[in-house]
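Asks: First, the structure itself, so that you have it in front of you.
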Amino acid sequence: MSIISKTKLAILQELSKQPLHGYALAKKLNITISSIYAHLSELEQYGFVTHTISERRKVYSLTEKGKILLDLFSN
């Protein structure tokens, strides 16, 4: 997988609106659950997203690094 793909940018854009868990992201973006978690894992590995545990679910949100990256691709 590439560091920045259309799918990863779409994930970052959704997370810029609000923190979401993987299932909600998969439904919003029409991506399989396994694929969304692979992308989220890679984005987290590079420091663009982070997660917290809420009601036994991982809720993902953008890091400052992720916000900067999204800004760079939005301009």
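Asks: Can you compute the helix-only [θ] at 222 nm over the chain? Use -39500 (n - 2.57) per DSSP H run of at least 4 residues, normalise by all residues, nearest 500 deg cm²/dmol.
Replies: Working: 4 runs with 44 residues, N = 75.
Only helices count here, giving -18000 deg cm²/dmol.
Asks: To the nearest 20 debye, what is the magnitude of the charge dipole of the chain about its Cα centre, counting +1 on the Cβ of each Lys and Arg and -1 on the Cβ of each Asp and Glu?
Replies: Numbers: 10 positive and 6 negative charges, 43 e Å.
In debye, rounded to 20, the chain gives about 200.
Asks: May I pose another question? Please give the length that would be gained between R57 and T32 if that part of the chain were fully extended, namely 0.36 nm times their separation in residues minus their C-alpha to C-alpha distance (nm, one decimal). Please report the intermediate quantities before stating the final value.
Replies: Details: separation 25, 0.36 × 25 = 9.00 nm, distance 1.72 nm.
In short, 7.3 nm is gained.
Asks: Using a 7 Å offset from the Cα along the Cα-to-Cβ direction at both A24 and D71, what is the distance between the two label points in nm, to one decimal?
Replies: A separation of 2.5 nm, rounded to one decimal place.
Asks: Please list, ordered by chain and number, the residues whose modelled amide H lies under 5 Å from the amide H of H21; skip anything fewer than 5 residues away on the same chain.
Replies: Y60
Asks: Among (1) 35, 22, 21; (2) 29, 27, 20; (3) 57, 22, 18, find the value of Cα extents along the principal axes in Å that was calculated from the structure presented, and write down its label.
Replies: (1)
Since every read-out is calculated from the coordinates, none of them should be taken as a lab result. As the structure is a computational prediction, the values presented were derived from the model and not from experiment. Glycine also receives a Cβ, built like all others from the backbone with ideal geometry; neighbour counts cover every protein chain displayed.
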